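Notes follow once the structure below has been shown.
The values are calculated or read from the model by the stated rules, or taken from the named source; none is laboratory data. Note that the structure is a prediction, hence the values are computed from the model and not measured. Neighbour counts run over all protein chains shown; Cβ positions are idealised from the backbone, glycine included.
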């Protein structure tokens, strides 16, 4: 079965909504899919963590289905999202100098899509 890794780099909320929607769509079609939050997208962990946020329900659905692979530790530190990442029980990824290694996923048969 194909495996897809959606890597969100941009911190723009409307861009990230498409990552969430595509992850849910792919999952509903039986595809294996995971999301990594990198770069400025790590700040969205804090923003979308509020139930009052317009996209909180969508974000929480993705988390509940276990589709978030993890959050870049180095970038979360830089954007102030470490505490929110921990509070939400999301994994930190830090294989290469504090960032997730995309090569590891490629070597394991994942197709990497960046946003």
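For this structure, a couple of remarks:
- Test: residue in segment 2-18 that is under 24 Å from residue 108 (Cα atoms), modelled with pLDDT under 95 and out of contact with any helix residue (DSSP H, G or I) (no Cβ under 9 Å at 6 or more places or on another chain): yes
- Cβ-Cβ under 6 Å pairs, at least 6 apart or on other chains, segment 15-26 side under 10 Å from residue 61 (Cα atoms), far side modelled with pLDDT of 95 or more and in a helix (DSSP H, G or I): 20/58; 20/62
- Count of residues meeting criterion [in a helix (DSSP H, G or I) and closer than 21 Å to residue 91 by Cα] in segment 23-53: 13
Residue-wise test of (1) exposed (fewer than 14 other Cβ atoms within 10 Å of the Cβ); (2) over 11 Å from the mean Cα position of the chain (by Cα).
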{"site": "19", "(1), (2)": "no, no"}
{"site": "23", "(1), (2)": "no, no"}
{"site": "26", "(1), (2)": "no, yes"}
{"site": "73", "(1), (2)": "no, yes"}
{"site": "83", "(1), (2)": "yes, yes"}
{"site": "90", "(1), (2)": "no, no"}
{"site": "100", "(1), (2)": "no, yes"}
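- Pick from segment 61-107, criterion touching a residue at least 24 places away in the same chain (Cβ under 8 Å) and in a loop (DSSP other than H, G, I, E, B), ranking: nearest to residue 46 (Cα to Cα): 81
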